[in-house]
Amino acid sequence: MIETLKNALDKRGYETLTQVQKDVTDPALESSDLLVSAQTGSGKTVAFGLAIAPTILEADGCFSRANKPLALVIAPTRELALQVKRELDWLYAGAGAVVASCVGGMDMRTERRNLDRGAHIVVATPGRLRDHIQRNSIKLGDIRAVVLDEADEMLDLGFREDLEFILEQAPDDRRTLMFSATVPKMIATLARNYQKDAVRVTAVGESRQHDDIEYRALNVAPRDSENAIINVLRYYEAKNALVFCNTRAMVNRLTTRFSNRGFSVVALSGELSQNERTHALQAMRDGRARVCVATDVAARGIDLPNLELVIHADLPSNSETLLHRSGRTGRAGRKGVSTLIVPPKARRKAERLLRGAKVDANWGEAPSADAVIKRDNERLIDAPTWTQEISEDERSAVDRLVEKFSAEQLAAAFLRVNNAKQSAPEELGVSHEKGKPAPRTTFGPSVWFSLNIGRSQRAEAKWLLPALCKGGNIDNGDIGAIRVQENETFIEITKKSLNGFTKALGKGLQLEDRGQLKLLDKAPDIANMPRPRFEGKGKKPYDKKPYDKSDKKPYDKKKKSFDKKPKWQPESDAAFNEGPDTSKKKRPKKNAAPGKPAAPANTKNKGKRRKPAKRD
């Protein structure tokens, strides 16, 4: 290995190389094109940095004065490109390298000035690099090596034409290295067209994907997907967690929901500027945020050192995306958990994705509220705080507390303070193994209110629910059963939201101009409450008139109604023998005056369209 790079690895704390790093640094491959497949998080960035070093460094292991770039590294997203640049900066620092970046979302004029000053290595995204080539901001005549990082993802994002344009501009005698987690047919085709006798390198362990990641598939009831995600976050209490969604709308929805529940959360989606995305990721690295909700494209290239949990709120479209998502955790030997939220209708899709990814998942139920509380108590008992010595600054306060309160009081107070910092877990329904929707079996501790309006005042659950949410400042998940009776309505509310609900409504518990609520001492007997048999639009649930066949009338096609005249009935025996008059009366011919024969019919132009008269 080149001495300058070996020193950089030693300073970084590298004791041994990963398998893919060992494979690509084989001296027999120094001048070969490479098609490398290795799982995400296996150290691919350092691997291709070491692989291209013999091609771009001088004999003394250093660079000469920076001029035109010697190497190109192309990545699919801004975050991944900037991450690669940071890795190459420290790896080639001892060799005197100048590494420049060209990524979308940055000032193009600044990038052009940096390229004019000279650079040894350029890290870029495909679209921005093509813009610089077409504007003559960068010259590729001296390129010795081109690296395509996450090549499969670039093709999935539609960068095929850009990649072909860039590779055609580079010299033919260059080295081309393609790194990809998977090698689908499109990657193989690209390799045949733009590589020369490429050597296929498969990192050992690829047959068993992500050994350091525990896959869990959680069955949830149809309406419990979001509640299950909250319980998973609370159950693991990971330092960093990444929640994947398929759409921006879902990202915004979950971000708002998590923020309202007390989680420190940030969002990543395509609608954010580069500055906003950078601040969001920095908040995750600094510990100011613990949960990141993101789409697939926005999360590509994210490298969070403490990422311990990945949640698939929406199932991905294919197995490759599942591996890319999950590969954000379990990196560089660290353990991680990848959790799939599987409602009944998505069971078969989840099984197909896991089978295509060649991973084994543990199937089970989402953590219940009791399981989350039990895990909280275990973490509390195992906390290192109990074994830490009391400092001098704490001694006086500790002595006063011990003197004034008993051990039981101190333990209860500590438990309450600890629980106040946590978001309450959600009560979940029971999912059905066969995929049929299952009703909620538990709603949690609740209280009941009565409202002084009912069916006779046209009360309906469809407008009562939003009125309760708006007036009481609660979510629809905090409202249980609504039973509308003849002159009153019974409403179930979660006990945890009682204080906020009554405070928002005021002392009179007035629900806008709809009616007045009253808190009940005990739950009503809703099981024996009469239910209406029919609730039609604008109708009341009274008994309908019984159906009588004699009321039915024949259908009149012309009038489209049942009011056709009855069939002909004979008035006498003679009329019966003669029957009804079915003869058709003939119309008189046109132009036939009384006493004169009708004009002969003109059959010459029969069936032909008459031409319109010409106008001057």
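The values are calculated or read from the model by the stated rules, or taken from the named source; none is laboratory data. None of the values given here were measured: they were computed from a predicted structure. Heads up, the Cβs are rebuilt from the backbone with ideal geometry, glycines too, and the neighbour counts pull from every protein chain shown.
What the table below lists for this structure:
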{"read-out": "Residue pairs meeting the criteria (Cβ under 8 Å; at least 6 apart or on separate chains; first touching a residue at least 60 places away in the same chain (Cβ under 8 Å) and farther than 14 Å from V73 by Cβ, in region 128-140; second basic (K, R) and part of a loop (DSSP other than H, G, I, E, B))", "value": "K139/K68"}
{"read-out": "Members of region 490-515 that are assigned to a strand (DSSP E or B) and hydrophobic (A, V, I, L, M, F, W, C)", "value": "F490, I491, I493, L511"}
{"read-out": "Residue among K345, K374 that is in a helix (DSSP H, G or I) and not assigned by TED's automatic domain parsing to the domain that holds F244", "value": "K374"}
{"read-out": "Matching residues in region 248-276 - criterion: being in contact with a Lys or Arg (Cβ under 9 Å, 6 or more places away or on another chain) and of a type in the set (V, I, T)", "value": "V265, V266"}
{"read-out": "Hits in region 104-125 (condition: within 29 Å of the chain's Cα centre (by Cα), of a type outside the set (G, A, S) and either surrounded by 22 or more Cβ atoms within 10 Å (Cβ to Cβ) or outside the structural domain of F159 (by TED's automatic domain parsing) (or both))", "value": "V123, T125"}
{"read-out": "Residue satisfying condition, being assigned by TED's automatic domain parsing to the domain that holds F179, under 20 Å from A95 (Cα atoms) and surrounded by 20 or more Cβ atoms within 10 Å (Cβ to Cβ), within set A47, A38", "value": "A47"}
{"read-out": "Given (1) free of Cβ contacts under 8 Å to residues at least 60 places away in the same chain; (2) assigned to a strand (DSSP E or B); (3) of a type in the set (D, E, K, R), number of the condition R200 does not satisfy", "value": "(1)"}
{"read-out": "Members of region 444-478 found to be crowded, with 18+ Cβ neighbours inside 10 Å, modelled with pLDDT of 85 or more and within 27 Å of the chain's Cα centre (by Cα), listed by number", "value": "I474"}
{"read-out": "Within region 11-102, helices (runs of 4 or more DSSP H) holding 3 or more residues that are modelled with pLDDT of 90 or more, at negative phi and β-branched (V, I, T)", "value": "44-56"}
{"read-out": "Residues of region 138-170 satisfying the condition of being crowded, with 21+ Cβ neighbours inside 10 Å and closer than 20 Å to L50 by Cα", "value": "I143, A145, V146, V147, L148, D149, E150, A151"}
{"read-out": "Flag for A481 being more than 32 Å from the chain's Cα centre (by Cα) and either more than 10 Å from F449 (Cβ to Cβ) or modelled with pLDDT under 85 (or both)", "value": "no"}
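Okay, residues lined up against (1) part of a strand (DSSP E or B); (2) surrounded by 15 or more Cβ atoms within 10 Å (Cβ to Cβ):
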{"residue": "N231", "(1), (2)": "no, yes"}
{"residue": "A249", "(1), (2)": "no, no"}
{"residue": "L254", "(1), (2)": "no, yes"}
{"residue": "A267", "(1), (2)": "yes, yes"}
